[in-house]
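Q: What follows is a structure written as structure tokens; I'll ask about it next.
The values are calculated or read from the model by the stated rules, or taken from the named source; none is laboratory data. Bear in mind that the values here come from a model prediction, so they are computed numbers and not experimental data. In this analysis, Cβ positions are derived from the backbone assuming ideal geometry, glycine residues included, and neighbour counts consider all displayed protein chains. Surface areas here come from the heavy atoms of the whole protein model, side chains and all, with no ligands, DNA or RNA. Shrake-Rupley method; radii C 1.70, N 1.55, O 1.52, S 1.80 Å.
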Amino acid sequence: MLTDDQILSSLNEVQRQVVTHTDKHILVLAGAGSGKTRAVTHKIAWLLKNSGLLPFQILAVTFTNKASGEMRNRLEKLVGPVASGLEMGTFHSVCARILRRHATELGFTSKFTIYDTDDAVVLLRQVGKDLGLDTKREYPPKKVYSSLEYMRSKGISLDEWGKTHGRTEWKRAVVSILKMYDRRKHELDAMDFGDLLHRTVDLLRDNDDVRDGYQRQFRYVLVDEMQDTNKVQFELLQLLAGADAKVCAVGDDDQSIYGWRGARVENMLEFERYFPGAEVIRMEQNYRSTPVILTAAHAIIQNNEKRHDKKLWTQETGGEPLRIFQADSEGDEAVRVARKLQHYCSTMNISFRDVAVFFRTNAQSRSFEEIFTRSGIPHVVIGGTRFYSRAEVKDLLAYLRTIHNPLDEVSLLRIVNNPPRGIGDKAIERLRASQHPDEKPLFQVLAECIELEKPTRWQKAAGEFASKVLHWKERVETLSLSELAAEVMKQSGYASRLLTLDPVEAESRQDNLNQLLAGMVEYEIRAEDPSLDDYLEQLALITDVDLWNDDQDRVPLMTVHAAKGLEFDTVFITGCEEGLFPHRNHVESGDIEEERRLFYVAVTRACKRLVFTYAGSRFIMGQQQYAVPSRFLKELGEDTVERKEAARRRSFTDAMGGGQRRFRAPAARASEETGGVAIKQVPISAAFAGKRVRHERFGDGKVLGVLGTGANAQVMVRFDSLKIETLTARELRVVE
């Protein structure tokens, strides 16, 4: 058995307080990099030695299997095999064990199946069909499941949701689907992932004997990452702890970043109200970052009002200044990050794996994946699918590949019934069967359906699809690549299909498609002779199978949410612009504090150096728009920041080192003569965004944005040649 000195010797004074305070509730405000896991594991060792508690009387709850495994491994090294007797795990795993012991009281057997999201969606689709509902357009199962998850995260019962939110026909139908879904799970002896929490709460709330038994068992309860708990998890904690057990909640309200999935930072802020007499202990000494980084982190987070007061500090001294780089566009931003990253790795003996690139949304990864591949920088996308491997991106590219080469049956089979158009698996089997006599290509068989006088339903659908592909093939000669892609999205029905998805999923997919279109526009600008076949050939180099293994030296690209709990020598925080970081949804709702906490999390992942980047313009919602630097950059403070603004606006071609080659626009996009249309010089202001203007050298174009007023106002214009330039107002004339 360990001695007290062995348990405490490696801890600082505050960590020792956390470990030894066992006679009352405590709330541990564990700042980033403050040694939280060490303190918690040593506290459990202390409890086992000094409190008289047996292992099964201690409940330790974490949020991830990784965190639980790490904690258990550390404990085994500290206390040996006795650690196996602890009741430890994630909220869901602890609940699953409880439910299996008491399943019969809820109408299940102890061998009940746990459905993942895909299983749940399949069952919801079956239920919807049994009810005679349209599960493809009106009631897609993923959207129904999202509604269920929303209710669960907010702690709203189905009956309550139906009464207060069931005023529309759609919502009434969803209530019917979910009630039958619940009955079917009972019949199938299955629970989905969300049931594990909710049914455990129901079990403890409605069964006094069961609840009292667990409250007698658990004498000490530890909860890690308290700031990430939602309403249901907090109620579960109260039900398990009861009135007599002591609770130790560990977390950092400044790192509460999951409000969108129901997490309540109030669970930490109001902890003392729910657990009277609780002592608050602040772990503020940081073992990760330089003083410069910590100063910037505090300068940011102190602007939040809903937080416990605390400030990270370190015994280390010095540190490199923070750097802020302005780029012209998202493509230029990726180029600048690639160059700086290569400089760090080559001159400072830093491994690629020690440098991370963060972004606010997954859609931003596209430009970094492209540039890093061209630059030979090994990389991997963490916490998300590679951009060109995402379903919606692969779908649109499959359309373009089919248009380019109808013999490409891999692409053709991906899109022939996507979105659904009546050419399902059985129809494909019949088409394939009809090929054998002449070994005709599949697309030829589809095309032959165009001329049939009395086609069957599926033959008619096949003919209509083939006609569209042939039409798009003709349009290749008159449309630019980006215009062709946009037309395909619309005419294929793919764009309207997105509208039937869950709003969050639909927005994410649309953002990815917008990024794909932005990449096409950038290709058109930089390519000397842009074409569909050249674009697809270049893309093949980027979409080749990733040759790097997980243990290889690669730069991780990830969202800030995915970076939670990680640390890196050097961090690039990209897209630091209003509407992106902070995200426009939070700006519009007025809930900016969670976005600031997310920015704080990003900053505190860095150990030695930190670089912020933003673009002067970005492709948003189908248009190149001016971007305004994030308000968070202003909050960093000037003392520790080194700013490097672009000396002038450069085109993406310049950033790629391609000189001033001018894109040859398709004939259909050439500017027409205005004849007798009046042209006059007028004052420019923000109100002129969207107006048509003319420049002596670049021709006609559209105003994307204006900074300033009067003759010296900076005006960003997208010209009909697709070139984007920032010019002064005096150089432009407005076409009336």
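Q: Kindly provide the set of residues from region 21-37 that are buried (at least 18 other Cβ atoms within 10 Å of the Cβ) and either aromatic (Phe, Trp, Tyr) or more than 30 Å from ILE293 (Cβ to Cβ) (or both), ordered by number.
A: Scanning region 21-37 gives a single hit, HIS25.
Q: Looking at the structure I just gave you, is LEU516 of a type outside the set (Val, Ile, Thr), assigned to a loop (DSSP other than H, G, I, E, B) and within 22 Å of ARG584 (Cβ to Cβ)?
A: no
Q: What is the residue count in region 239-267 for residues that are in a helix (DSSP H, G or I), under 25 Å from the mean Cα position of the chain (by Cα) and either surrounded by 22 or more Cβ atoms within 10 Å (Cβ to Cβ) or at positive phi (or both)?
A: Qualifying residue count for the region: 4.
Q: Tally up the residues in region 256-310 that are of a type in the set (D, E, K, R), in contact with a helix residue (DSSP H, G or I) (Cβ under 8 Å, 6 or more places away or on another chain) and touching a residue at least 40 places away in the same chain (Cβ under 8 Å), please.
A: Result for region 256-310: 7.
Q: May I pose another question? Looking at region 556-591, which of its residues are surrounded by fewer than 19 Cβ atoms within 10 Å (Cβ to Cβ), assigned to a loop (DSSP other than H, G, I, E, B) and within 17 Å of the chain's Cα centre (by Cα)?
A: Correct list: GLY565, LEU566.
Q: In the list VAL232, VAL221, VAL201, which residue meets the criterion of being outside any helix (DSSP H, G or I), surrounded by 15 or more Cβ atoms within 10 Å (Cβ to Cβ) and in contact (Cβ under 8 Å) with a residue 12 or more places away in the chain?
A: VAL221
Q: Determine whether region 204-221 contains at least one residue that is in contact with a Ser or Thr (Cβ under 6 Å, 6 or more places away or on another chain) and either at pLDDT below 90 or among the hydroxyl-bearing types (Ser, Thr, Tyr) (or both).
A: Within region 204-221, none of the residues are in contact with a Ser or Thr (Cβ under 6 Å, 6 or more places away or on another chain) and either at pLDDT below 90 or among the hydroxyl-bearing types (Ser, Thr, Tyr) (or both).
Q: Being of a type in the set (A, V, I, L, M, F, W, C), in contact with a Ser or Thr (Cβ under 8 Å, 6 or more places away or on another chain) and open to solvent by less than 60 Å² (accessible area, probe 1.4 Å) is the filter here; which residues of region 179-191 pass it?
A: Within region 179-191, ALA190, MET191 meet the criteria.
Q: Further question: Please work out if PRO441 is touching a Cys at 6+ places or on another chain (Cβ under 8 Å) and surrounded by fewer than 17 Cβ atoms within 10 Å (Cβ to Cβ).
A: Here the answer is no, as PRO441 does not meet what is asked.
Q: Residues of region 188-220 being hydrophobic (A, V, I, L, M, F, W, C) and out of contact with any Cys (no Cβ under 7 Å at 6 or more places or on another chain), which ones?
A: Scanning region 188-220 gives LEU188, ALA190, MET191, PHE193, VAL201, LEU203, LEU204, VAL210, PHE218.
Q: Filtering region 335-347 down to residues that are in contact (Cβ under 8 Å) with a residue 40 or more places away in the chain and among the aliphatic types (A, V, I, L, M), which residue is nearest to ARG360 (Cα to Cα)?
A: VAL337
Q: Does THR113 meet the test of being closer than 28 Å to VAL223 by Cα and polar (S, T, N, Q)?
A: So THR113 fits the description; yes.
Q: Here is a follow-up. Could you check GLU160 against (1) modelled with pLDDT of 80 or more; (2) surrounded by fewer than 20 Cβ atoms within 10 Å (Cβ to Cβ); (3) in a helix (DSSP H, G or I) and say which number it fails?
A: The failed condition is (1).
Q: Pull out all pairs, ordered by first then second residue, where Cβ-Cβ is under 7 Å, the residues are six or more apart or on different chains, the first lies in region 84-102 and is in contact (Cβ under 8 Å) with a residue 60 or more places away in the chain and within 16 Å of ARG205 (Cα to Cα), and the second is outside any helix (DSSP H, G or I) and open to solvent by 40 Å² or more (accessible area, probe 1.4 Å).
A: Short answer, once both residue conditions are applied: none.
Q: Which pairs have Cβ atoms under 7 Å, sit 6 or more apart or on different chains, and link a residue in region 386-401 that is closer than 17 Å to PHE359 by Cβ to one that is β-branched (Val, Ile, Thr) and open to solvent by 20 Å² or more (accessible area, probe 1.4 Å)?
A: As it stands, the answer is TYR388/THR543, since those pairs meet every condition given.
Q: Here is a follow-up. Of all residues in region 83-113, which are of a type in the set (Val, Ile, Thr), farther than 20 Å from LYS66 by Cα and surrounded by 15 or more Cβ atoms within 10 Å (Cβ to Cβ)?
A: Answer for region 83-113, where residues must be of a type in the set (Val, Ile, Thr), farther than 20 Å from LYS66 by Cα and surrounded by 15 or more Cβ atoms within 10 Å (Cβ to Cβ): just ILE98.
Q: Here's another thing I want to ask about it. PHE719 passes all but one of (1) closer than 29 Å to THR478 by Cβ; (2) at pLDDT below 75; (3) open to solvent by less than 20 Å² (accessible area, probe 1.4 Å); which number fails?
A: (2)
Q: Follow-up. Would you call ALA299 over 24 Å from ASP553 (Cβ atoms) and among the aliphatic types (A, V, I, L, M)?
A: Judged against the criteria, ALA299 is a match.
Q: Among VAL18, VAL14, VAL40, which is closer than 23 Å to LEU269 by Cα, in contact (Cβ under 8 Å) with a residue 24 or more places away in the chain and surrounded by fewer than 23 Cβ atoms within 10 Å (Cβ to Cβ)?
A: Being closer than 23 Å to LEU269 by Cα, in contact (Cβ under 8 Å) with a residue 24 or more places away in the chain and surrounded by fewer than 23 Cβ atoms within 10 Å (Cβ to Cβ) holds for just one of VAL18, VAL14, VAL40, which is VAL14.
Q: Next up: Scan region 315-368 residue by residue and report those that are open to solvent by less than 10 Å² (accessible area, probe 1.4 Å), closer than 30 Å to TYR258 by Cβ and among the hydroxyl-bearing types (Ser, Thr, Tyr).
A: SER365, SER367, listed by residue number.
Q: Turning to a different aspect of this structure: Show me the helices (runs of 4 or more DSSP H) entirely contained within region 63-146 in which 2 or more residues are closer than 30 Å to LEU498 by Cβ and modelled with pLDDT of 85 or more.
A: Filter on region 63-146 gives 117-130.
Q: Right, here's the next one. Working only within region 279-303, note down all residues that are of a type outside the set (Lys, Arg), assigned to a loop (DSSP other than H, G, I, E, B) and buried (at least 18 other Cβ atoms within 10 Å of the Cβ).
A: ASN286, SER289, THR290
Q: Could I ask something else about it? Report those helices (runs of 4 or more DSSP H) wholly inside region 386-486 carrying at least 1 residues which are more than 39 Å from the chain's Cα centre (by Cα).
A: Passing ranges, in order: 425-435, 442-448, 457-475.
Q: Something else about it: Considering only region 491-538, state which residues are among the hydroxyl-bearing types (Ser, Thr, Tyr) and open to solvent by 30 Å² or more (accessible area, probe 1.4 Å).
A: Passing the criteria: SER496, SER508, SER531.
Conditions (1) of a type in the set (Ser, Thr, Tyr); (2) part of a loop (DSSP other than H, G, I, E, B); (3) closer than 26 Å to ARG718 by Cα; (4) in contact with a Lys or Arg (Cβ under 9 Å, 6 or more places away or on another chain), marked per residue:
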| position | (1), (2), (3), (4) |
| --- | --- |
| GLY331 | no, no, yes, yes |
| LYS340 | no, no, no, yes |
| SER346 | yes, no, no, no |
| ASN349 | no, yes, no, no |
| ARG353 | no, no, no, yes |
| VAL357 | no, no, no, no |
| PHE368 | no, no, yes, no |
| PHE372 | no, no, no, no |
| ILE377 | no, yes, no, yes |
